[in-house]
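Structure first, then comments.
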Amino acid sequence: ILYGLNEDPVNIAVDKIFIQKELNAGGFLTKIFSLNIDGKKNLAIPRDIQFHPLSDQPIHVDFLRLSEDSKVTLDIPTKFINEEASPGLKRGGVLNVNRRTVQLNCPANNIPEELVFDLTGLEIGDTIRISMVNLDEGVIPTITDRDFTVASVAAPTVVKEPEIQAEGTEGDEAAATE
């Protein structure tokens with residue numbers, strides 16, 4: 001289905017193999033497609049996809065029509081680079097990811113594939129915030145009232161096994177003193 005821009009919805013057929021390749025490539029729901037319908041070029045972005053319950057093959061895709069100046073709200077995946085350049089991670093710290101995706105308002109012609117955060121120089125206790133990534137012009141997070149946390153470098157957690165006392169040692173000592 002192709003819908004949006006105050007036009008009537010249109011049923012379309014898209015090659016299943018093409019859709020499967022695009023799904024396998026990743027970022028399907030953040031890509032703009034140019035659909036040629038009856039000789040008219042339509043810019044569209046996938047908004048929903050349904051899969052067959054047994055075969056897990058795509059069976060239905062909803063596309064939203066876009067104009068050149070459209071703005072869309074999308075969940076963009078986060079990516080973290082240069083883990084080896086983080087002293088905190090080298091010393092056993094753990095990257096604690098709070099947001100695997102960040103919701104952004106983007107112009108249709110400027111949708112980022114992913115948000116890349118550089119971990120170089122981060123120590124244990126450091127926080128990675130949305131302000132640490134360079135967003136293109138017109139791309140803004142939907143959360144605008146604060147510089148929210150995307151991830152942090154946490155101290156390693158050590159699980160201490162409880163000490164097990166040998167059986168009967170307390171009872172034997174009490175009996176020996178009587």
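The values are calculated or read from the model by the stated rules, or taken from the named source; none is laboratory data. Keep in mind the model is a prediction, meaning the values are calculated, not measured. Counting neighbours? That spans all protein chains shown, and the Cβs are built from the backbone with ideal geometry, glycine included. Heads up: the accessible areas ignore ligands, DNA and RNA and are worked out on the full protein's heavy atoms, side chains in. Shrake-Rupley method; radii C 1.70, N 1.55, O 1.52, S 1.80 Å.
Points to keep in mind about this one:
- Only DSSP H runs of four or more residues enter the estimate; each adds -39500 (n - 2.57), and after division by the residues of the chain the mean residue ellipticity at 222 nm equals -3500 deg cm²/dmol.
- When only the Cβ of Lys, Arg, Asp and Glu is charged (+1, +1, -1, -1), the dipole of the range 46-131 relative to its Cα centre reaches about 220 debye.
- Projected label distance in nm at Leu5 and Gln103, using a 7 Å step from Cα toward the beta-carbon: 2.6 nm
- The Rg/Rh ratio of the chain, with both radii computed over alpha carbons and Rh defined as the Kirkwood radius, is 1.27.
- Charge-dipole axis of the chain as Lys and Arg at +1 and Asp and Glu at -1 on Cβ define it, positive-most pick from His52, Gln103, Gly39: Gly39
- Residues of the range 1-98: accessible area per residue with a 1.4 Å probe, Å²: 63 Å²
- Dipole magnitude (debye, nearest 20) for the chain, charges at Cβ of Lys, Arg, Asp, Glu: 1160 debye
- In nm, spacing of pseudo-spin labels at Thr142 and Ile81 (7 Å Cα→C-beta vector): 2.7 nm
- Cα centroid separation - the range 127-144 against the range 81-102, whole Å: 19 Å
- Most mobile of Phe148, Phe18, Phe33 in a GNM of the chain (Cα contacts under 10 Å): Phe18
- Of all accessible heavy-atom area on the range 46-117, the percent that carbon and sulfur account for (1.4 Å): 44 percent
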